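Student: Following this message is one structure expressed as structure tokens.
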Amino acid sequence: MDHIFGPVNSRRLGRSLGIDLLPKKICNLNCIYCEVGATTTLTCERGEYVATEEILAEIDAYFADADRLAAIDIVTVTASGEPTLHSGFGTILAHLKETTGKPIAVLTNGTTLMNAQVRKELALADVVIPSLDSARIESFRKLDRPATCLDLGEIIQGLILFSHEYQGKLWLEILLARGINDSDEDLEALQAVLGKMRVDRIQLNTVARPPLESFALPVSEQRLQEISALLQEQNPGVQVDLLAQGAPTKDTASAVSADEQVDIVDEIIQMLKRRPCTAADINKIFHCGGLEKVEQYLAPLVRSGKIHTRRHGDRLYYLL
């Protein structure tokens, strides 16, 4: 399938099926830390970059199997780019709600929320996870490298508006890169915005996977802990999560049987199209039965050149 991937075990959302609305890579940002790769179409224009009917047909075909529906907790709408740039975004969300009856989550960079139509469509989701990496123009430009059509003040105003209109769960993600947006001045600017928003969670992240640019560096564990404690103190009643810690999840599923191996390899390739993963990531997502089993899947793919490896810090990542 071209637009559906997973399901995967998400530490944030549970057993999640992904819906990818855009091809690589249509976005209004070209973030230095992006694990998907460089933006090829840098735009603020909403458009039907993939036929809406094509995505709806794939959703219907997938959920024709009732066992597949029963096997997931949530559907996560995302994109190899910014999902709200798809002009059929609202239609797709409404169809998912009607077809699956499952909660819908949306991952968005949060840049399009000054558009009232986008806010209306996004309100259909049960969980919205927007990003705001910086409230300072200098840091925003260095880290997120926005299209010229974006204005940081308008982005912030859109996030504030949506946070007070929206009735679902709102989890704001902040990604910090060393020496770019982790200064005290940056944190003060972010807190000034947070003080005007209604959020249920703040999710603190850093550069944990191989980034687009080699100069996108992770913030130290100590600094992350300091910033997490500061945000918790300044935002009482709001849960602050450290995503970069990679909290372990119990793996209670049994190892896959031999007749599932071909499907698992296909699913691994589909996942690696969207983000780099370690062997441990793949084992956790697909319940492979241990790292040795994962290596049995990956080694032939590496030898054939279908995938390759890249070291980031002390971790070895597999990617296309």
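The values are calculated or read from the model by the stated rules, or taken from the named source; none is laboratory data. Since the structure is predicted, the reported quantities are computational estimates derived from the model, not experimental observations. FYI the Cβ positions are ideal-geometry reconstructions off the backbone, even for glycines, and counts take in every protein chain you see.
Student: Quickly run through the range 102-112 and pick out the residues that are part of a loop (DSSP other than H, G, I, E, B) and either under 20 Å from Arg12 (Cβ atoms) or touching a Pro at 6+ places or on another chain (Cβ under 6 Å) (or both). Walk me through it before giving the result.
Tutor: We begin by selecting, within the range 102-112, every residue part of a loop (DSSP other than H, G, I, E, B); these are 102-103, 108-112.
Lys102, Pro103, Thr108, Asn109, Gly110, listed by residue number.
Student: Looking at (1) touching a residue at least 24 places away in the same chain (Cβ under 8 Å); (2) in contact with a strand residue (DSSP E or B) (Cβ under 8 Å, 6 or more places away or on another chain); (3) within 30 Å of Tyr317 (Cβ to Cβ), can you tell me which one Thr40 breaks?
Tutor: It fails just one condition, (1).
Student: Something else: Show me the strands (runs of 3 or more DSSP E) entirely contained within the range 113-231 in which 1 or more residues are of a type in the set (S, T, N, Q). Spell out the reasoning first.
Tutor: Working: elements: 127-129, 169-176, 201-206.
By residue number, 201-206.
Student: Taking Asp281 and the conditions (1) surrounded by fewer than 16 Cβ atoms within 10 Å (Cβ to Cβ); (2) in contact with a helix residue (DSSP H, G or I) (Cβ under 9 Å, 6 or more places away or on another chain), which numbered condition does it fall short on, given that it satisfies the others?
Tutor: (1)
Student: While we're on this one: In the range 1-101, which helices (runs of 4 or more DSSP H) lie fully inside it and hold 3 or more residues that are outside the structural domain of Asp133 (by TED's automatic domain parsing) and either of a type in the set (Asp, Glu) or closer than 25 Å to Asp266 by Cα (or both)? Talk me through it step by step, then tell me what you get.
Tutor: Working: elements: 52-63, 66-70, 89-100.
It comes to none.
Student: Would you confirm, using the coordinates I've provided, whether His308 is under 24 Å from Asp20 (Cα atoms), surrounded by fewer than 19 Cβ atoms within 10 Å (Cβ to Cβ) and modelled with pLDDT of 85 or more?
Tutor: Details: under 24 Å from Asp20 (Cα atoms): yes; surrounded by fewer than 19 Cβ atoms within 10 Å (Cβ to Cβ): yes; modelled with pLDDT of 85 or more: yes.
Criteria met by His308.
Okay, residues lined up against (1) exposed (fewer than 15 other Cβ atoms within 10 Å of the Cβ); (2) touching a strand residue (DSSP E or B) at 6+ places or on another chain (Cβ under 9 Å); (3) farther than 30 Å from Lys102 by Cα; (4) in the same structural domain as Gln239 (by TED's automatic domain parsing):
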| residue | (1), (2), (3), (4) |
| --- | --- |
| Glu138 | yes, no, yes, yes |
| Lys142 | no, yes, yes, yes |
| Gln157 | no, no, yes, yes |
| Asp186 | no, yes, yes, yes |
| Ala192 | yes, no, yes, yes |
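Student: If you check Thr108 against the conditions, is it under 16 Å from Gly81 (Cα atoms), out of contact with any Cys (no Cβ under 9 Å at 6 or more places or on another chain) and of a type in the set (S, T, N, Q)?
Tutor: Working: under 16 Å from Gly81 (Cα atoms): yes; out of contact with any Cys (no Cβ under 9 Å at 6 or more places or on another chain): yes; of a type in the set (S, T, N, Q): yes.
Against the criterion (under 16 Å from Gly81 (Cα atoms), out of contact with any Cys (no Cβ under 9 Å at 6 or more places or on another chain) and of a type in the set (S, T, N, Q)), Thr108 qualifies.
Student: In the range 163-189, what count of residues is obtained for those that are under 20 Å from the mean Cα position of the chain (by Cα) and of a type in the set (D, E, K, R)?
Tutor: So the answer is 2.
Student: I'd like the full set of residues that are crowded, with 17+ Cβ neighbours inside 10 Å and either farther than 14 Å from Cys27 by Cβ or at pLDDT below 95 (or both), limited to the range 144-154.
Tutor: Residue satisfying the conditions is Leu152 alone.
Student: Continuing with this model, one more query. Name the residues in the range 111-136 that are over 29 Å from Leu96 (Cα atoms) and among the aliphatic types (A, V, I, L, M), would you?
Tutor: Ala135
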